[in-house]
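Any read-out appearing in this document is the output of simple, stated calculations on the displayed coordinates, not a laboratory observation. Keep in mind that what you see is a predicted model, and the values were worked out from it rather than measured. Neighbour counts are summed over all protein chains in view; Cβ atoms, including those assigned to glycine, are modelled from backbone coordinates with ideal geometry.
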Amino acid sequence: MSMARAQQLAVHAIGEVLNGRNLSEVLVQAMQYPELSAADKGALQDLSHGSLRHLGMLRQLVQQMTKTLPPAEIGNLLVIALYQLHFTRNAAHAVVNEAVNHARQLHGGRYQKLVNALLRRFLRERETLLASALKQNEARYNLPAWWLNYLKKHYPQHWHNMVTAMAQHPPMTLRINRRYTDAEQYQAKLTAAGIPARILDTHSVMLQQAVAVQKLPDFAAGHVSVQDFGAQQAIPMLNPQSGERILDACAAPGGKTGHILEWADCDVTALDIDPLRLKRVQDNLQRLQQRAHLHCADAKELHSWYDNNTFDAILADVPCTASGVVKRHPDIKWLRQPQDSRKTALQQEALLDSLWLTLKSGGRLLLATCSIFMEENQQQLTHFLTRHADARQRQSRVLLPDSKQDGFFYALIDKI
């Protein structure tokens, strides 16, 4: 069953994403099937993420080999099968056979011969077909044309390195809990466990290869958390101090909430609008043996959660297009539209203005996004400073996607 089922579910997952659904949501549902083994789930994860990571090239290959584009489901089947043939170690004959069997069940079997012919042609003419496909920018960079043009315009010196990084598989990076140990000592534990890793800074290491968290020494005891290196830069910039009241707005899944509490003995309020995601914050804090006041509320609806007791510091990790984290979430490249960053910027604006009311004079707010779109970052910061006479920018940082981190924007704003 393994390959056939994983292939079928991956075809469905790609179809759902191209119809506008979030891949994580789709996969959560797919993983519920009781007949799926751990290997099946791993294969489904790889096929869906991998094919979306390389979708520009895979779709171009399909277009090159067909005079008339087949129905969407057949096109998605070809994309998955081509991904398997080119990027995995699956036996070619098995991939082709399963794809043809799958095609037999769709559209009355009218396309099974086409699927067979195209996949065999790819195996015969792979180099020629790939060379031709890669002449197209969307295939070469696996990004929609509008997104590529945006990066060229706004990051003329960096766009090429950025799109190269965005097409890579994300590394597994660990944040070491400073209450227990540091990177050097933890690296020694990893080495003893046969897990090679390199130190990124005093409390961060990157694994040579991803492993199940259960294999990480002292993970269950809260000594270490999985967190992107770029995401780890937020809390040092906020620099929580013991005794401070700190608000973590939009806190789920809780990585930064935990980091605040590892950093200093603070009184933390963590908000999130989604009860299921807030449960993840609770689970993370429990593993770290830390506590916070959790509220399920819309952060900008102050009447539903705010008690008029102002905060010393606020982490405003605001909703955004997530355009900086496509290594981890390759569906974002194909879900986003050119106008989305302007829409989210307006939502951020209302949220930031509400949060500013809860910050005491002399306090600080860290605007954080996992976006590389200016509308949500530098432009948002400029507009905020213009609207608020009592706001002063202390510092800002743009972290571009590279081999060790995703893309982020941080701006520390003082309230005078």
Can you tell which of 87, 31, 65 lies farthest toward the positive end of the dipole of the range 1-129, using +1 and -1 charges on the Cβ of basic and acidic side chains (Lys, Arg; Asp, Glu)? 65
Net charge over other residues, Cβ less than 14 angstrom from the Cβ of residue 346 (K, R count +1; D, E count -1): -1
If R0 = 35 Å, then residue 88 and residue 160, at their Cβ-Cβ distance, give a FRET efficiency to the nearest 0.05 of 0.80
Work out how much length residue 350 to residue 239 would gain on full extension: take 0.36 nm times their residue separation and subtract the Cα-Cα distance, in nm to one decimal. 37.4 nm
Residue 19 and residue 385 label points (each 7 Å along its Cα→Cβ direction) are spaced in nm at 4.6
Could you order the peptides 279-287, 86-94, 266-274 from most to least packed, using the average number of other C-beta atoms within 10 Å per residue? 266-274, 279-287, 86-94
Let me spell out the model: positive unit charges on the Cβ of Lys and Arg, negative unit charges on the Cβ of Asp and Glu, origin at the Cα centre of the range 162-215. What dipole size does that give, in debye rounded to 20? 160
Taking Cα atoms, how many degrees apart are the long axis of helix 340-356 and the longest axis of the chain, rounded to 10 and kept between 0 and 90? 20
Efficiency of FRET between residue 185 and residue 220 - r from beta-carbon atoms, R0 22 angstrom, step 0.05: 0.80
Quickly work out the residue 303-to-residue 280 label distance, labels modelled 7 Å from Cα along the C-beta direction, and quote it in nm with one decimal. 3.1
May I ask you to order 227-234, 384-391 by the average number of other C-beta atoms within 10 Å around their residues, highest value first? 227-234, 384-391
So which aspartates and glutamates pass the test for residue 415, namely a Cα distance under 16 Å, with those fewer than 8 places away in the same chain ruled out? 244, 312, 353, 390
Going by alpha carbons, how many degrees (0 to 90, nearest 10) lie between the helix axis of 378-387 and the longest principal axis of the chain? 30
Count of lysine pairs, the range 269-382, Cα-Cα under 22 Å, sep. 8 or more residues or interchain, comes to 4
Just subtract the alpha-carbon distance of residue 105 and residue 211 from 0.36 nm times their residue separation and send over the number in nm, one decimal. 34.5 nm
Dipole magnitude of the range 180-321 about its Cα centre (Cβ charges: Lys, Arg +1; Asp, Glu -1), debye to nearest 20: 500
Let me check against my output: what whole-number percent is the relative contact order of the range 262-416, with C-alpha pairs under 8 Å and at least 6 apart? 23
Place the peptides 406-414, 75-83 in order of packing, highest mean first, counting for every residue the other Cβ atoms within 10 Å and averaging per peptide. 75-83, 406-414
Dipole axis of the chain (+1 Lys, Arg; -1 Asp, Glu on Cβ), positive-most option in 6, 208, 400: 6
Just grab the label-to-label distance for residue 328 and residue 146, each label 7 Å out from Cα along the Cβ direction, in nm (one decimal). 2.5
Two decimals is fine: what is log10 I(q)/I(0) at q = 0.11 Å⁻¹ for the range 213-332, from a Debye sum with one equal scatterer on every Cα and no solvent? -0.37
Report the charge-dipole magnitude of the chain in Debye, nearest 20, computed about the Cα centre from +1 at each Lys and Arg Cβ and -1 at each Asp and Glu Cβ. 1500
